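Taking it in order: structure first as structure tokens, then the write-up.
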Amino acid sequence: MAKKSPVHFPGIDAIAYEGAQSDNALAFHHYNPEEVFDGKTMAQHMRFSIAYWHAFRGTGSDPFGPGTIVRPWESGKDPVSIAKVRLDAAFEFFQKIRAPFYCFHDRDIAPEGSTLAESNKNLDAVVAHAKQLQQATGVKLLWGTANLFSNPRYMRGASTNPDAHVFAYAAAQVKKAMDVTKELGGENYVFWGGREGYETLLNTNLKREQDHLAAFLHLAVDYARSINFKGQFLIEPKPKEPTKHQYDFDVASGIAFLRTYGLEKYFKFNIETNHATLAGHTFQHEIEVAAAQGLLGSIDANAGDPLLGWDTDQFNTDVRELTLAMISILRAGGLGSGGFNFDAKLRRPSTDLDDLFHAHIGGMDAYALAFKLARRILAEGKFEQFVNERYASYDAGFGRDIEMGRANFRSLEKLVLTKLGEPTQRSGKQEYLENLLMRYLHG
């Protein structure tokens with residue numbers, strides 16, 4: 001008789017949709033995966049993904065104390081065997097929380113060895129197991145990436161490291177991470193430059209480091225082409241922490257970097273809510289900047305604490321913030337091959353197995369509710385109509401000439417002096433619009 005696989009989350013069944021009136025804490029109240037909108041299910045619209053590093057490698061540690069979260073599957077002497085059992089637990093969770101995707105760093109799913117060859121061997125063994133689990137469950141890989149920030153070799157950066165040896169090591173590690181991402185059918189590949197920046201300009205050649213970062217990304221593009229990897233490359237901006245200043249500070253600086261080095265055809269942006277906050281922006285702002293240039297790719301779904309100046313990676317249940325974000329995402333035509341990856345972790349005292357379910361249920365419900373509210377807002381068109389009317393002067397006449405490049409300073413000066421005179425003051429109606437949004441949120 002075949003040995004039955006252990007159940008890692010006993011007593012918890014697949015999370016069902018029970019509607020907003022349900023009192024069941026282990027049920028979805030707004031996220032109904034099967035509900036159809038415009039010929040696609042909500043699951044297809046949302047493309048929710050679980051972040052392996054937080055959900056299954058997070059221990060509850062913070063800068064002031066060690067981990068508090070101990071999982072029953074984290075036992076044994078062989079790190080590769082432990083990694084495989086951990087994957088079993090993860091895929092059980094993915095199915096029970098009804099998430100169609102997951103994401104990982106190479107060092108999340110497989111232990112790092114004493115050499116690159118040993119690390120690659122470990123990764124191959126665990127990836128083979130992940131491939132079997134994907135085939136058995138239907139769960140897919142949204143994106144893969146390489147951890148180029150945890151190991152001390154990367155303390156001065158990876159592609160921006162002043163030592164070419166580290167650059168070469170990082171290239172080899174990314175090559176392998178891209179190989180396994182392709183093998184697992186990953187739909188995207190992410191570059192997060194956690195150490196690609198500087199602590200002080202006293203020891204930094206900023207231009208040279210940025211040149212090296214661009215060269216590294218071009219090498220990645222070339223390698224992807226050589227292995228016929230069709231996934232979307234994504235840049236994930238973050239302004240600070242762990243590095244004092246990171247070169248991919250925000251979406252705007254990322255766009256400037258990509259265009260400076262001729263990379264804009266190959267990359268889009270994976271936007272994280274908490275990173276937007278650290279850059280001094282709103283989540284919606286970062287989405288709008290990327291979407292305006294056709295570079296919106298994917299979302300890392302989390303939130304920061306406004307009272308703390310570091311990356312707290314909390315589950316986002318702020319429906320107002322998420323509704324505004326969803327309006328911008330839907331207006332941009334969605335995320336394409338991207339999705340909503342819950343790059344969020346349990347709070348340090350949340351140590352029970354069911355806390356992992358409560359956290360993701362809350363995040364999925366909040367995004368689902370925001371999705372439905374945003375669809376209603378866009379369908380009714382009240383905000384769109386107001387904005388269109390606000391810019392109506394550019395739709396015809398001299399305003400249209402300005403947008404089409406047919407006007408010049410002399411023609412505009414003559415127009416003002418002879419015909420237009422002083423502009424009429426028009427209100428922006430911010431308070432009215434905020435009240436209108438509140439009615440949607442609470443109506």
Exercise. Would you say Gly185 is at positive phi, modelled with pLDDT of 95 or more and not hydrophobic (A, V, I, L, M, F, W, C)?
Worked result: yes
For this session: Might you let me know whether the stretch 148-165 holds any residue that is under 22 Å from Ser114 (Cβ atoms), in contact with a Phe, Trp or Tyr (Cβ under 6 Å, 6 or more places away or on another chain) and of a type in the set (A, V, I, L, M, F, W, C)?
Result: yes
Seminar exercise, completed: The correct count of residues that are modelled with pLDDT of 95 or more, among the small types (Gly, Ala, Ser) and under 27 Å from Leu87 (Cβ atoms) in the stretch 188-228 is 2
Exercise. Does Lys40 satisfy the criteria of being within 30 Å of Ala110 (Cβ to Cβ), out of contact with any helix residue (DSSP H, G or I) (no Cβ under 9 Å at 6 or more places or on another chain) and without any contact (Cβ under 8 Å) to a residue 40 or more places away in the chain?
Worked result: no
For this session: Mind listing just one residue for me: the one in the stretch 26-42 that is part of a loop (DSSP other than H, G, I, E, B) and not charged (D, E, K, R) and, of those, farthest from Lys96 (Cα to Cα)?
Result: Gly39
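Are any residues in the stretch 413-443 farther than 24 Å from Val387 by Cβ and in a helix (DSSP H, G or I), and if so, which ones?
If the condition is that a residue be farther than 24 Å from Val387 by Cβ and in a helix (DSSP H, G or I), then Glu413, Lys414, Leu415, Val416, Leu417, Thr418, Lys419 are the ones that fit.
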Exercise. Which of (1) farther than 23 Å from Ala359 by Cβ; (2) within 13 Å of the chain's Cα centre (by Cα) does Asp300 not meet, given it meets every other one?
Worked result: (1)
Problem set entry | Residue in the stretch 196-203 that is in contact (Cβ under 8 Å) with a residue 60 or more places away in the chain and in contact with a Lys or Arg (Cβ under 9 Å, 6 or more places away or on another chain) present | no
Seminar exercise, completed: Residues of the stretch 90-149 being open to solvent by 10 Å² or more (accessible area, probe 1.4 Å), in contact with a strand residue (DSSP E or B) (Cβ under 7 Å, 6 or more places away or on another chain) and in a helix (DSSP H, G or I), in sequence order, are Gln134
For this session: For residues that are open to solvent by 60 Å² or more (accessible area, probe 1.4 Å) and touching a Leu at 6+ places or on another chain (Cβ under 9 Å), scanning just the stretch 353-383, find the one that is nearest to Phe94 (Cα to Cα).
Result: His358
Problem set entry | Selected residue (criterion: most open to solvent (accessible area, probe 1.4 Å)) from residues of the stretch 50-83 that are small (Gly, Ala, Ser) and farther than 20 Å from Gly363 by Cβ | Ser75
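Condition check ((1) touching a Gly at 6+ places or on another chain (Cβ under 8 Å); (2) open to solvent by less than 40 Å² (accessible area, probe 1.4 Å); (3) under 19 Å from Glu209 (Cβ atoms); (4) among the aliphatic types (A, V, I, L, M)) across all residues:
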{"position": "Ala158", "(1), (2), (3), (4)": "yes, yes, yes, yes"}
{"position": "Pro162", "(1), (2), (3), (4)": "no, no, yes, no"}
{"position": "Phe167", "(1), (2), (3), (4)": "no, no, yes, no"}
{"position": "Ala170", "(1), (2), (3), (4)": "no, yes, yes, yes"}
{"position": "Lys175", "(1), (2), (3), (4)": "no, no, no, no"}
{"position": "Met178", "(1), (2), (3), (4)": "yes, yes, no, yes"}
{"position": "Thr181", "(1), (2), (3), (4)": "yes, yes, no, no"}
{"position": "Gly194", "(1), (2), (3), (4)": "no, yes, yes, no"}
For this session: For the stretch 395-405, state whether one or more residues are under 23 Å from Glu380 (Cβ atoms), out of contact with any strand residue (DSSP E or B) (no Cβ under 7 Å at 6 or more places or on another chain) and of a type in the set (D, E, K, R).
Result: yes
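So, Gly333, is that one at pLDDT 95 or above, in a loop (DSSP other than H, G, I, E, B) and open to solvent by 50 Å² or more (accessible area, probe 1.4 Å) or not? If you could, list the steps in order and put the result at the bottom.
Working: at pLDDT 95 or above: yes; in a loop (DSSP other than H, G, I, E, B): yes; open to solvent by 50 Å² or more (accessible area, probe 1.4 Å): yes.
When the stated conditions are applied, Gly333 passes them.
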Exercise. When both residues are 6+ apart or on different chains and their Cβ atoms are under 6 Å apart, which pairs have a first residue that lies in the stretch 366-394 and is farther than 30 Å from Phe315 by Cβ and in a helix (DSSP H, G or I), and a second that is open to solvent by less than 90 Å² (accessible area, probe 1.4 Å) and at pLDDT 95 or above?
Worked result: Ser393/Gly399
Exercise. Considering only residues of the stretch 32-49 that are closer than 16 Å to Phe94 by Cα and touching a Pro at 6+ places or on another chain (Cβ under 7 Å), which is surrounded by the fewest Cβ atoms within 10 Å (Cβ to Cβ)?
Worked result: Ala43
Exercise. Residues in the stretch 66-111 that are touching a residue at least 60 places away in the same chain (Cβ under 8 Å) and among the acidic types (Asp, Glu): how many?
Worked result: 3
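The values are calculated or read from the model by the stated rules, or taken from the named source; none is laboratory data. Bear in mind that the values here come from a model prediction, so they are computed numbers and not experimental data. Quick reminder, even Gly has a Cβ in these numbers, built from the backbone with ideal geometry, and neighbours come from all protein chains shown. Please note that ligands, DNA and RNA were not included when accessible areas were found on the heavy atoms of the full protein model with its side chains. Shrake-Rupley method; radii C 1.70, N 1.55, O 1.52, S 1.80 Å.
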